[in-house]
Each structure stands twice: as C-alpha cells, then as structure tokens.
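Below you'll find the structure, written out as structure tokens, and then a few comments.
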Amino acid sequence: MRQDMQVLLYPDPQLRHRAEPINEITQRVCERAEKMLELMYKYEGLGLAAPQIGWPVSLVVMDPTGERSGRRVFINPVITHEEGEIIVDEGCLSLPGVFGKVVRSEMVKVVAFNLEGERIEVEAEGLEARVWQHEADHLEGRLIIDKMTPASRMSSSRRLKELEVLFKEGAVETQTL
C-alpha cells in the first residue's frame, strides 16, 4: 500500500477483491485503522472498509453517529442475522457523485473483534444497520451499484461512464490523506 492513504475510486479493480481475515492485530494494523478513521472523517463518510484503500483485509472503520467516540474499528466483522427490508438512497466514497436506491435489511446483528482482540457483538438498526451492510459488501468485493434498483442504476450510468473514462485515462482525482 502507498505511504499516503487514499480512497480508491470506481472502477479500480482492487475494489472487487474479497478481503482476507486478519490473523494478528499488530501495531501496524492499529496505525492503519487510525489513518482510515482520519480519512473517513476528512471526506465525511460514515464508514470505510480496508479494501477501499487497497488493503485487502477484513477491517472496517465506522461512525454513523458522527460522535467520534466509542467502538469505531472492527476486525473480521460478520453479519450473523438480518431482519426486515427497506429501500434507501445510498452513496459511497469510492463512487463520488453516484447515488441510488439500495435494498437493505432494517436490522442486523454483527460479530467482530476490536483492536484489543476482544470479540464483540453489535445489534444495529436504521442507518447504522445500513452502514454495516454497505461496508460488509466492500469486504466481499461488492459495490452499491451491484445492489441498486434498476432505475437507480440506469440514472447513475452517465456518472459511472465518466468515472470509467477518468480511470482509464489515469485522470481520476483521488481522495488522499
């Protein structure tokens, strides 16, 4: 990974890689997680998955409340239960200018580990549940465009083509820390 941390932008192929589990929580993992939080806050995101910075590991940072406190780094998260269904508008730091309706569960239960290696369980509803699902998708190499309603996907097609052309030309502006 580059020394300067940046959010990869669509259609960077690294966004499609499935994350590998983290087997050991090292000082380097902790430092990168902290930098990911800084980058997420800088670009006013609610969450950021390690694959979005080209780091193919199962680590997510999130702060759907914007309070900058509490548990915000999650290692090897797994959604263990989902309930309900809602269609909501979503955007993504890796797809600037792309927004659309995505089907999500209203409630999720998640098991993960914190930076101290302690197993934690989270039950989330509403916005927090949607952030969990969004970031879990990144860990699987999925993007919001894969889950958008057909109408949203169609309305986003022009912006997606623009991002593809910029990427091909190497002219994509990155979101760097």
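The values are calculated or read from the model by the stated rules, or taken from the named source; none is laboratory data. Please read these numbers as outputs of a predicted model, since none were measured by experiment. So basically every Cβ, Gly included, is an ideal-geometry build from the backbone, and we count neighbours across all protein chains shown. Accessible surface is based on the protein model in full, side chains and every heavy atom, while ligands, DNA and RNA are left aside. Shrake-Rupley method; radii C 1.70, N 1.55, O 1.52, S 1.80 Å.
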- Query: Out of the residues in the range 141-160 that are over 18 Å from residue 52 (Cβ atoms) and without any contact (Cβ under 8 Å) to a residue 40 or more places away in the chain, which is surrounded by the fewest Cβ atoms within 10 Å (Cβ to Cβ)?
  - Reply: 150
- Note on the structure: So, first residue in contact (Cβ under 8 Å) with a residue 60 or more places away in the chain in the range 104-118, second residue part of a strand (DSSP E or B) and of a type in the set (S, T, N, Q), Cβ within less than 7 Å, six or more apart or across chains; the pairs are 113/76
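Look through 162, 116 and report the one residue that is over 23 Å from residue 9 (Cβ atoms) and among the acidic types (Asp, Glu). Quick ask: steps written out before the conclusion?
On the way: 162 fails: over 23 Å from residue 9 (Cβ atoms).
Exactly one residue qualifies, and that residue is 116.
On the basis of being within 27 Å of residue 11 (Cα to Cα), open to solvent by 50 Å² or more (accessible area, probe 1.4 Å) and touching a strand residue (DSSP E or B) at 6+ places or on another chain (Cβ under 7 Å), does residue 75 make the cut?
No, not satisfied.
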- Could you count how many residues in the range 114-168 are within 17 Å of the chain's Cα centre (by Cα) and aromatic (Phe, Trp, Tyr)? 1
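Residues that are of a type outside the set (Lys, Arg) and in contact with a Pro (Cβ under 6 Å, 6 or more places away or on another chain), at least 1 per element: which strands (runs of 3 or more DSSP E) completely within the range 83-177 meet that? Write out each step before concluding.
Numbers: elements: 86-90, 100-104, 107-113, 119-125.
Counting at least 1 such residues, we get 107-113.
Determine, yes or no, whether residue 62 is over 20 Å from residue 121 (Cα atoms) and open to solvent by less than 50 Å² (accessible area, probe 1.4 Å).
Numbers: over 20 Å from residue 121 (Cα atoms): no; open to solvent by less than 50 Å² (accessible area, probe 1.4 Å): yes.
No; evaluated as a whole, the condition is false for this residue.
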- Note on the structure: Flagged in the range 44-82 as part of a strand (DSSP E or B) and small (Gly, Ala, Ser), in numbering order, are 47, 49
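Please enumerate the residues belonging to the range 1-48 that are touching a Gly at 6+ places or on another chain (Cβ under 6 Å) and open to solvent by less than 20 Å² (accessible area, probe 1.4 Å).
Residues of the range 1-48 touching a Gly at 6+ places or on another chain (Cβ under 6 Å): 1, 8, 14, 16-18, 25.
Correct list: 8 only.
Taking into account only those residues within the range 90-106 that are surrounded by fewer than 16 Cβ atoms within 10 Å (Cβ to Cβ) and over 20 Å from residue 161 (Cβ atoms), which is nearest to the chain's Cα centre (by Cα)?
Going through the qualifying residues, I end up with 103.
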